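Bear in mind that the values in this text are calculations on the coordinates, not laboratory data. Values in this document were obtained by computation on a predicted structure and should not be read as measured data. For neighbour counting, all protein chains shown are included, and Cβ atoms are generated from backbone atoms with ideal geometry for every residue, glycine included.
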Amino acid sequence: MFEQFLQFFYSGVTVGSAYALAALGFTIIYNTSGVINFAQGEFIMLGGMLAAVLVGAGVPLPLAVVIAVVVTSCVGLVMEKTVIQPARDAQVVSLIIITIGASLVVRGLVQIWLGKGTFSLTPFSGDSPIILLGASLLPQSLWVLGVTLVMVALMGWFFGRTLLGKAMLATSHNRVAAQLVGINTERVLLVSFGLAALLGGVGGVLLAPITYTSYDAGIMLGLKGFVAAVLGGLGGGAGAVAGGLILGIAEAMTAGFISSAYKDAVPFVLILFILFFMPRGLFGAKVSDRV
Amino acid sequence: MKAPRMRHPGLLVLAVILAVLPFVLTNAYYLDVAIKIALNAVVVIGLNLLVGYTGQISLGHAAFFGMGAYGSAVLTSHFGWPALAALAAGAATTGLLAFILARPVLKLKGHTLAMATLGLGIIIAMVINNESQWTGGPDGLAVPAFGLLGMDISGETQWYAVAAILLLLVTWGALNLIGSPAGRALQAIHGSEVAARVAGIDTTRFKVRVFVLSAVLASIAGSISAHYIGFITPNMAGFFHSIELVTMVVVGGSASIFGSIIGAALLTILPQFLSAFEGWETVVFGMILILCMIFLPRGLVPSIAAKLRKARG
Amino acid sequence: MLTIKNLDKHFGGVKAVQDISFTIAKGSIHAVIGPNGAGKTTLFNLITGVYTPSAGEILLRGENVAGMSPDALARRGMSRTFQNLQVCMNMSAIDNVMVGAHLLLNQGMFAGMLRLPSVRRADAACRDEAASLMDFVGVGRYVNAHATELSYGVLKRLEIARALAAKPQVLLLDEPAAGLNHTETGEVETLIRKVAQTGVTVVLVEHDMKLVMNLSDHILVLDHGKKLAEGTPAEVRANPDVLAAYLGTDLGAQA
């Protein structure tokens, strides 16, 4: 029984790490621009799909991974430049619809190019499971978890120590003030989309060996990443990671012990619960509005 | 006695168009598209009342459509209910669910409201998909004919009459609503909720009611669509359909009843052209959404109306 | 008409309003003034139901309405305008005013959809009323305009028309002269006097001292959330504490 629990725990942590990366991407964009990027999931899908296609074309795995992540980041930059910039001051509803439109375009293009089939990647260091405390853990899971933690640490360093990172944080708190101090807020927005796309791409590449990826994998991943971000309070890296892991584990437990058909409902039930009872998430600060 | 002023010339135009159309569209296929447009327009008008006029968001509205469709289908095929009763039961259940959900959901605003409606829509669609013993699951469900007054409605012409009459009624009701104190209250909630409250408007009650109204309209349209098409699948309640509906509102015109009809028409016809190119359909939809929000944020009909007003001086 | 007793409001550690008490007589014009941050808008928001007091009572015609929602207060005859102009820019000018009369019509959605004769009649009467209100406040010429076509000064008066549409007993004006030029301010002053003459009790928050001194029957001065002084314009003008608060202690001591 304990082994079963541990098994679900491991798979929950694995997929939770991917959610954490997606959540980080959401959080970065939301914090610098107030936009909820509904296309975040497509970045994850792109990372996995591109890497799979490149490997299938004979490119060595490490190179394929790098190219996939770079291209995905570029897609994020292009998206910001072409679609978000022109509508920067629009209403919330408009921005939501625009990002949904962008996600449709990306998904549709991938569907046209690569069809509706599923793709997968070979695991980075083989697929013989490691036995840990009586349950088996895929080596790929260690990659996912490890890289996620590294990325979170890198983000922490970036936002805390580098000038550009601090500029981005300043923009997130008060865009006009940041502009007045000479921060190029347009570039900040561009970088934030690029970063979010990069994180998504990395997540996609890491996850592809474990779960099959296909042209429509982005929808659910994106939505779940968003749930994880809201769980974590849409604030900082720690919240996003915690949110992602909690969501992944909750999902795995539901799939294992309750019903695998409804495991996909877990994030949405969770998000409704959070939105109704704890709109600030688990880690968000309490704020009073000044009228 | 004053001669009655034509309050809604548009309504008359619509009625004339609807009456003349079957004689112009001799092909059964075109009539089929017209029927689908009319039924979509009913949903879109309801959604527009909620989104365009009252300023809320719903990214899960297809779920209500699906509930109506599956409610009718299940009650008529598994339990042998008469079609009209099933339709009423579906609408009542959908309305009740919307009523229960509305209060907590509509406390939210902006992104959080969008996510909440999205989540609800997905959960409902998931239930429809998974409970296959009732709903037939992903394989879909066949729907018996719609019996009315002892006669089965069949053939494009009869269905067209049903759809056209429904559309006219809904348009008439919606136009009346917008011009009434309740309609102004809804728009005031969109314009400035705090101003509406200090004017004495119970904003929560109005938001709940328009949400329920739009859900019920979607359910009724869903039920009729189910009987018309004869076969339903869980996609009808799915996320993409919800996005299609929002696109119709946004493209045709937020806060415009006739815009809703135009939007429904354009975006029902469009997939017909692209039906062979699924990927392209998605891409084109996405591009339409993006371009519309950047260049015509108020939608086609209001933007054109504004240009005409300016030209007139 | 309106009595405030020991009103308190904290936001976390910030005491925005402390132990404020005063009475407003029916039919009078009562101004609330004070330096920035004195708590005037907070006091206003407390009276009009936007905030709930931490302590104290707000008695409207003897009934304690502290903490009631804005729409409940509207039903009890209270109307207000907003400092930052809360006009519905998605509606026409006359529709904005008609919204103000919502309580008087009180028609639900179902009646609206069916366009029952009762709705039709009430609506037509409401429209006429709204048009004459727009005349009353001086924007009658814009009766067919859309809110987006109107200038700031016109919108400010439109908001007053909306507030009057409910036939309130108490009208609260939040900085009615903010952002207006000299001429427009004079017009607002005349308008407020006209309104008070119809028997409506007017309470205003305002920075324009000339307007306040000309109009008010009674003035309440706030500073740092507390009542600093209270009285007729003449009394307040001569009060050394008031002068000190506005101009600084040195000048105040010299006055």
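Tell me, what is the Rg over Rh of the range B:36-194, with Rh the Kirkwood radius over Cα pairs? Write down the numbers at each step before the final one.
Details: Rg = 17.4 Å, Rh = 17.4 Å.
Over the Cα atoms of the range B:36-194, Rg/Rh equals 1.00.
At what distance in nm do the modelled label points of A:VAL59 and B:LEU21 sit from each other, each positioned 7 Å from its Cα along Cα→Cβ?
Taking the simple label geometry, A:VAL59 and B:LEU21 are separated by 5.0 nm.
What are the ³J(HN,Hα) values, in whole Hz, obtained from phi via the Karplus relation 6.51 cos²θ - 1.76 cosθ + 1.60 with θ = phi - 60°, for each residue of the range A:87-98 in sequence order, with x given for Gly and Pro?
Coupling constants for the range A:87-98: 10, 3, 9, 6, 6, 3, 4, 4, 5, 4, 5, 5 Hz.
Given a Förster distance of 56 Å, report the FRET efficiency between B:PHE231 and A:ARG88 from their Cβ-Cβ distance, rounded to the nearest 0.05.
0.80
Can you give the relative contact order of chain C as a percent, counting alpha carbon pairs under 8 Å and 6+ residues apart?
Relative contact order here is 26 percent.
Could you work out [θ]222 nm for chain B from helices alone, using -39500 (n - 2.57) per DSSP H run of at least four and dividing by all its residues? Round to the nearest 500 deg cm²/dmol. Provide the component values of the computation, followed by the final result.
Numbers: 14 runs with 232 residues, N = 313.
-24500 deg cm²/dmol, from helical runs alone.
How far apart, in nanometres, would the label points at C:ARG141 and C:ARG237 be if each is projected 7 angstrom from Cα along the Cα-to-Cβ direction?
With each label placed 7 Å out from Cα toward Cβ, I get 3.4 nm.
Among B:TRP280, C:LEU150, A:ILE44, whose Cα lies farthest out toward the positive end of the dipole of the protein assembly as shown, if unit charges sit on the beta carbon of Lys, Arg (+1) and Asp, Glu (-1)?
Most positive-ward Cα: C:LEU150.
Going by amide H atoms built from the backbone, whose H comes under 5 Å of the H on B:LEU148, apart from near neighbours?
Those lying under 5 Å, H to H, from B:LEU148 are B:ILE153.
Please state the charge dipole magnitude for the range B:9-252, taken about the Cα centre, from unit charges on C-beta atoms (+1 on K and R, -1 on D and E), reported in debye and rounded to the nearest 20.
Here the size comes out at about 880 debye.
Could you give me the ³J(HN,Hα) list for the range A:138-143, computed from phi with Karplus coefficients 6.51, -1.76, 1.60 and θ = phi - 60°, whole Hz, x at Gly and Pro?
6, x, 4, 4, 5, 4
Around C:VAL17, which amide H atoms from residues at least 5 apart in sequence, or from another chain, sit under 5 Å from its own amide H, with H modelled in the peptide plane?
C:LYS9
A 22 angstrom limit on the alpha carbon distance is what I want to check against. Which of C:LYS26/C:LYS167; C:LYS9/C:LYS40; A:LYS224/B:LYS109; C:LYS5/C:LYS26; B:LYS109/C:LYS9; C:LYS5/C:LYS227 exceed it?
Working: C:LYS26/C:LYS167 15 Å; C:LYS9/C:LYS40 12 Å; A:LYS224/B:LYS109 20 Å; C:LYS5/C:LYS26 17 Å; B:LYS109/C:LYS9 26 Å; C:LYS5/C:LYS227 12 Å.
Those over the limit are B:LYS109/C:LYS9.
Taking the mean number of other Cβ atoms within 10 Å as a proxy for protection, how do you rank A:254-260, C:129-135 from highest to lowest?
The peptides rank, most packed first, as C:129-135, A:254-260.
As I understand it, the dipole of the protein assembly as shown uses +1 on the Cβ of Lys and Arg and -1 on the Cβ of Asp and Glu, about the Cα centre. Which of C:MET209, B:ALA142, A:SER136 lies farthest toward its positive end?
C:MET209
Simple spin-label model, 7 Å along Cα-to-Cβ: B:LYS107 to B:LEU84 in nm?
Taking the simple label geometry, B:LYS107 and B:LEU84 are separated by 4.1 nm.
Provide a whole-number value for the mean count of partner chain Cβ atoms within 10 Å of the Cβ atoms in peptide A:82-88.
On the way: counts 2, 6, 2, 1, 5, 5, 0.
Taking the mean over all residues of the peptide, I get 3.
Calculated FRET efficiency, C:LEU59 and C:GLN83, Cβ-Cβ r, R0 25 Å, to nearest 0.05?
E(calc), rounded to 0.05, equals 0.50.
Where does the longest stretch of chain A lie that holds no trypsin sites (Lys or Arg not before Pro) found in a DSSP loop with 15 or fewer other Cβ atoms within 10 Å?
Working: sites that count: A:ARG88, A:LYS116, A:ARG280, A:LYS286, A:ARG290.
Result for the longest clean stretch: A:117-279.
Tell me, what ³J(HN,Hα) does each residue in the range B:112-129 have, in order and in whole Hz, if you take phi through Karplus 6.51 cos²θ - 1.76 cosθ + 1.60 with θ = phi - 60° and put x for Gly and Pro?
5, 5, 4, 5, 5, 5, 4, x, 4, x, 5, 4, 4, 4, 5, 4, 4, 5
Contour minus end-to-end for B:TRP280 and B:SER154, with contour as 0.36 nm per residue of separation and end-to-end as the Cα-Cα distance?
Details: separation 126, 0.36 × 126 = 45.36 nm, distance 3.35 nm.
Contour length minus the Cα-Cα distance gives 42.0 nm.
Return the whole-Å distance between the Cα centroid of the range C:74-98 and the Cα centroid of the range B:42-60.
24
Could you pull the Rg and Dmax for the protein assembly as shown, using just the Cα atoms, both in Å?
Both quantities, over Cα of the protein assembly as shown: 30.2, 97 Å.
What FRET efficiency, computed as 1/(1 + (r/R0)^6) with R0 = 22 Å and r the Cβ-Cβ distance, is obtained for A:LEU169 and A:CYS74, rounded to the nearest 0.05? Intermediate results must be reported in sequence, preceding the final value.
Working: r = 24 Å, r/R0 = 1.10.
It comes out at approximately 0.35.
Stokes-Einstein D for chain C at 4 °C, 1.567 mPa s, Kirkwood Rh over Cα pairs, in µm²/s? Present the calculation step by step, with values, prior to reporting the outcome.
On the way: Rh = 19.2 Å.
The calculation lands on 67 µm²/s.
What whole-number distance in Å separates the alpha-carbon centres of the range B:126-171 and the range A:56-95?
Taking the Cα centre of each part, the range B:126-171 and the range A:56-95 sit 42 Å apart.
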